[in-house]
Amino acid sequence: MTTGAPRPHTLVAGVGNIFLGDDGFGVEVARRLAGQPLPEGVEVADVGIRGVHLAYQLLDGYDTLVVLDATARGGEPGTLYLIDAAEPADGRAPDGLALDGHRMSPDAVLALLGTLCAGTGAVPPRRTWLVGCEPGTVEEGVGLSPRVAAAVPEAVRMVTDLVRDEAVVRPRTAAATAPDGVHRTSYASPPSRRAGPTAGPAPPLMSARTTPGQDGAAMHEMSVALSVVDHVEQAVRPDGAHGVRRVHVEIGELAGVVPDALAFCFELACSGTVLEGAELVTRFLPGRASCAPCGRTWDTGMPPDMTCAACRGGATELLSGRELRITEVHWSAEPAAPDPGPAPHPEESR
Ligand SMILES: [Zn+2]
C-alpha cells in the first residue's frame, strides 16, 4: 500500500448503483470530477456499490472523506444536500441513511472502517461530508432522471468548493492518532452552505431491492466472502479431505466486487474454518452488452457504457458481467496452510 506520489488527504467517493436510475448520481458526479482539475491531494474514486472497497481504501489514511450519493430526504427530486456526517441537526444519527441489499450506506462503511482500523492501527478520516441528491426514481434502469441529471453540474461545483476549503483548512497532522476505532468522532462543522432541507422524516436512502437470480450483483465483498466460505463448508467433502487448498471464483466486471477487496475479506472469512489459509483464485469476466435494435455487441467497461455507439438506441441488454460463482474447490488431505507461491491475481494494483 505504498506509492511514490505524495499521499492524498481527501477522498471523494461516488457511491451508488448505476443500474437503479438516480442511484447512479454519486457515480456520475465522481465521473465528472475525475475529468477536471482539483487541488493537490484530492483523489476521486468511483466506488459504486463496492462499499467494502471504500472502507478498505480509507485505510490508506485520508483526512477528509466526501461521499457522493443519492439521498432521499423528502425534497424535490434534484435537490442537493450538503451534510456533515456527524451533524445532529435533525436529531438523528446518519444511520438514517440506510443501506439496501445492494450496498453499504456511508455510515455502514464508516462502521466497518472503524473495525478495520481497530484491527490494523490505521486512522479513519477526521471529517466526513455527504453531498447528496434527492432521487426522482430508483427503478431499474440506467441513466439519471432529468431533474437529477440537471443537478449534477451544481453538485460538481459544490464538491469543488468543498475540497478547496478543506485543502486550505487542512494541515496534515499526525495528531489523529486516536487509540481505538473512532469512526464517528471529531468531525468539523460545515464551512458553508446547505443546499436543501435537513429536517423532517428521513425515508430510507433507497428502497430495498434485490435482483432475483443475480445474487452476485447484490452482495458486497464481505458477504461474498462469507457466502463462498459457507458454500464450501457445506459442500460434500471428498474422502480424506481435511482442508481446502484453493477456491476458484468467477467475478463479472459489473458484479460490484473488487478482487483485491474480496481477497482481503476472504482471508478474514476463512479464519477458523475448514478453509483456513485457502487461496482464492478469481477469474474476471468482462461486461458485455448488446443493442436490440441494431444487434451490435460491445464491452461495457466499468463503469459500464450502456449506450449503443452505432444507433444510440435505448434498448440495451446486458449479456454478461454480473456473474459471481464458485467454479472449483481444491481440497487437501491436511488442514490447509498458506500457499507459499505467489497467487495469480488479476487487478493486483497495490
Ligand atoms: Zn444499436
In order over the stretch 315-325: 3J(HN,Hα) from phi, Karplus 6.51/-1.76/1.60, θ = phi - 60°, whole Hz, x for each Gly or Pro, gives 9, 8, 10, 7, 8, 7, x, 10, 5, 7, 8
Residues ARG283, ARG127 in order from fewest to most other beta-carbon atoms within 10 Å are ARG283, ARG127
Per DSSP, the loop-located GluC sites (Glu not before Pro) within the stretch 11-91 having at most 13 other beta carbons within 10 Å are GLU40
Rounded to two decimals, the Debye log10 I(q)/I(0) of the stretch 6-62 (Cα scatterers, no solvent) at q = 0.19 Å⁻¹ is -0.66
Calc'd 3J(HN,Hα), the stretch 12-23, phi into Karplus 6.51 cos²θ - 1.76 cosθ + 1.60 (θ = phi - 60°), Hz, glycine/Pro = x, comes to 9, 10, x, 10, x, 10, 5, 8, 10, x, 5, 5
When ASP84, ASP305 are ranked with the fewest other C-beta atoms within 10 Å first, the list becomes ASP305, ASP84
Scoring only Lys, Arg, Asp and Glu (+1, +1, -1, -1) among other residues with Cβ under 9 Å from the Cβ of PRO8 yields -2
Exposure-ranked with fewest Cβ neighbours within 10 Å first, PHE284, PHE264, PHE25, PHE19 stand as PHE284, PHE264, PHE19, PHE25
FRET efficiency for ARG164 and THR115 from the Cβ-Cβ distance with R0 = 45 Å, rounded to 0.05, comes out at 0.90
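The numbers here are math on the coordinates, done by the rules we state, and not lab data. None of these values were measured; they are calculated from a predicted model. All Cβ positions, even for glycine, are placed from backbone atoms using ideal geometry, and neighbour counts span all protein chains on display.
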